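To keep things clear, I will list the structure first and then write my remarks on it.
Every number in this text was worked out from the coordinates using simple rules, so none of it is lab data. Computed from a prediction, not measured in an experiment: that's the story for all the values here. Note that each Cβ is placed from the backbone with ideal geometry, even for glycine, and that neighbours are counted across all protein chains shown.
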Amino acid sequence: MKVILRSHYVTSVLRGSVSYLRSLTQKRQVVVSSLLVLSLLSVADSASAVETRKFTVTEATRQGLMGFSAALGGDLGFAGAPAGTTLPGKGYIFNVETGELWHTVRPPTEYNFSDNLFGFNAKMTSNRLIVGDPANPNAVTKRPGAAYVFDPLSGEQLFRLTPSDSFGGNEFGFGINAYQDVAIVGAPNLGVGLGAAYLFDLNTGTQTHKLVAADPLLGSEFGADVAVGADYALVGAPSNYATLGFFPGAAYVFDAATGSQLWKLQPDDSYGGDEFGFDVAIDGHIAVIGAP
């Protein structure tokens, strides 16, 4: 039996396009038609999914978007509530077996502002929770973004991840993924949309590689979504183009150990506006790439 943690709207869907998601990071007003909820689905080998539990918190508000991001690791689940307007974004760690709220996590006080986006994206491994905040502030530059690593059992913050070339507006933390002791974090607006992705050691919090496209293009949004596995890192660039005005998107495969680019992936039926690379996933030698 498998369990799936699913975030969803009661009456509307939020994830429509990269530009719509970016409206959150740029602090434009987003009108939400209903509360987000978080559901635990039990998937038997032979039948359809059955909802077994609904997670809510008493402090959740319509504006908070509790459940915008969701992650699952063993018996624990995470729900992000990034859209802080009068209150900062935060996240909730649940026991998926009992439904009990274990911890509420947020950035440390010096980075915990009312218009951050902590909880925008998240990933859990067996012993780590990584939470993205692509609008997180910095003492030197304005809102370059950050990612935070927690021990999900204790709720303790272990590391604050920032890139070696942190700069205002990079949107570092827009895309997040992890495999065992390696995390990958995307910054799709670095260099006016050239984008980059960064690999980190989750045991030390140190950056090990910066990943960039061999054919960098302004506005390609390289790093909008990211994935990492045992051997490969996969980075989506949903606004990548060959001819200006023709934006089919692309995805790039890197050696996770060395950071070297191996391949650029595009579909046989590539067409402008496809946003190929909007969502990416990798498992072993198989990659799945969305073109919404």
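With all pairs of separate Cα atoms included, the stretch 160-292 yields a Kirkwood hydrodynamic radius of 14.2 Å.
One quarter of the surface of the convex hull around the alpha-carbon atoms of the stretch 101-189 equals 5.6 nm², the direction-averaged projected area. Relative to its residue count, the stretch 51-208 spans a Cα convex hull of 112 Å³ per residue. Could you pull out the pairs from LYS90/LYS264; LYS54/LYS142; LYS90/LYS142; LYS210/LYS264 whose alpha carbons sit more than 27 Å apart here? In this structure, LYS90/LYS264; LYS54/LYS142 lie more than 27 Å apart at Cα. A straight chain from ALA230 to THR258 at 0.36 nm per residue would run longer than the Cα-Cα distance by 8.8 nm. Spacing of the modelled spin labels on ASP269 and LYS210, each 7 Å from Cα toward Cβ, amounts to 3.9 nm.
Annotation: Cα Rg of the stretch 145-223 relative to the compact-globule expectation 2.2 N^0.38 Å equals 1.10. Dipole magnitude for the stretch 67-196: computed about the Cα centre from +1 point charges on Lys and Arg Cβ and -1 point charges on Asp and Glu Cβ, it is near 300 debye.
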